[in-house]
Amino acid sequence: MERTLILVKPDAMQRGLAGEVLSRLERRGLRIVGLRLLQVDRAMAERHYAEHVGKGFFEGLVEYITSGPIIAAVFEGSNAVAAARQTMGVTRPTEAAPGTIRGDLGLEVGRNLVHGSDKPESAEREIGIFFEGMALPTWTRDVDRWVFE
Ligand code: IDP
Ligand code: MG
C-alpha cells in the first residue's frame with residue numbers, strides 16, 4: 001500500500017469545498033489514514049515547498065498557503081500518489097481535464113485548491129512534516145477487497 005499527502009488549500013476551505021475535495025479522493029477508493037486541521041506558518045511552508053524556494057512565484061505561494069486554515073490528510077491505497085494526482089488534475093486548472101478537482105472547480109494556478117505528493121518519496125517526506133510524531137492508525141475496511149485486487 002502506498003500513501004500520499006493531500007492538502008485542502010485555504011481557497012478550498014474558504015469556498016466550502018473541503019468535503020468535496022476529500023470526498024472525491026475517498027470515493028476513488030483511497031483510505032483515509034490521517035486527518036488534521038491546521039494553519040501553516042512560513043517555516044512549515046518553506047519546508048513543505050523546499051523545491052520551490054527562490055522561484056518567482058514562491059512569495060505568492062507562501063502568502064496563499066499560510067492565509068488560512070488547511071486540512072492535511074493522508075490517503076492510502078494501491079498507486080495512491082498517481083491516483084490522487086490524476087483525481088486532482090494538473091497544476092494549472094485551465095489545463096486540468098474536466099472531471100478533475102482542479103479542472104472542475106478552479107481557474108488560477110495560485111488558487112488550485114489542493115496539494116498532492118508528486119512521488120512516494122515526497123509523500124513520506126511531506127507526511128513527516130504534517131504528521132510529525134503522530135502515529136497514523138493502521139486499519140482496513142470491509143470494502144477493501146472490492147477496491148484493492
Ligand atoms: P503541484 O501542486 O501540481 O505539485 P508544483 O509545481 O509543485 O505543482 O507547484 C506547487 C504549487 O505552487 C502549485 O500547486 C501552485 O499552487 C503554485 N504554483 C506553481 N506554479 C506556479 C506559477 O507559475 N504561478 C503561481 N503559482 C504557482
Ligand atoms: Mg508539487
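We did not get these values from a lab; they are worked out from the coordinates using the rules stated. Just so it is clear, the structure is predicted and the values come from calculations on it, not from any experiment. Reconstructed Cβ throughout: ideal geometry from the backbone, glycine too, with neighbour counts over all protein chains shown.
For (1) of a type in the set (S, T, N, Q); (2) within 13 Å of ligand 1 (Cβ to nearest atom); (3) under 17 Å from K9 (Cα atoms); (4) touching a Lys or Arg at 6+ places or on another chain (Cβ under 8 Å), each residue gets a yes or a no:
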position	(1), (2), (3), (4)
S67	yes, yes, yes, no
V74	no, no, yes, yes
A80	no, no, no, yes
G89	no, yes, yes, yes
G99	no, no, no, no
D104	no, no, yes, no
L113	no, yes, yes, yes
D118	no, yes, yes, yes
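Suppose we filter the stretch 13-25 for residues that are touching a residue at least 40 places away in the same chain (Cβ under 8 Å) and under 26 Å from A135 (Cβ atoms); how many remain?
Matching residues across the stretch 13-25 total 5.
For the stretch 41-149, please list each of the helices (runs of 4 or more DSSP H) lying entirely inside it that holds at least 3 residues being surrounded by 15 or more Cβ atoms within 10 Å (Cβ to Cβ) and in contact with a strand residue (DSSP E or B) (Cβ under 6 Å, 6 or more places away or on another chain). Full working, then the answer.
On the way: elements: 42-48, 58-65, 80-88, 101-105, 120-130, 144-147.
Ranges flagged: 80-88, 120-130.
Among T100, T138, which is at negative phi, touching a helix residue (DSSP H, G or I) at 6+ places or on another chain (Cβ under 8 Å) and not hydrophobic (A, V, I, L, M, F, W, C)?
Just a single option satisfies the conditions, and that option is T100.
Please enumerate the residues belonging to the stretch 2-40 that are of a type in the set (A, V, I, L, M, F, W, C), part of a strand (DSSP E or B) and surrounded by 20 or more Cβ atoms within 10 Å (Cβ to Cβ).
Correct list: L5, I6, L7, V8.
Checking L35 against (1) closer than 15 Å to F130 by Cβ; (2) in contact with a Phe, Trp or Tyr (Cβ under 6 Å, 6 or more places away or on another chain); (3) aliphatic (A, V, I, L, M), which test does it fail?
Result: L35 fails condition (2) only.
Go through (1) hydrophobic (A, V, I, L, M, F, W, C); (2) within 30 Å of T140 (Cβ to Cβ); (3) within 16 Å of ligand 2 (Cβ to nearest atom) one by one and return the number of the condition I65 breaks.
The failed condition is (2).
Which one is farthest from I6 (Cα to Cα), of the residues in the stretch 36-82 that are touching a residue at least 12 places away in the same chain (Cβ under 8 Å) and of a type in the set (K, R)?
R42
Specify which of the listed residues (G29, G34) is of a type outside the set (S, T, Y) and at positive phi.
Matching residue, one of G29, G34: G29.
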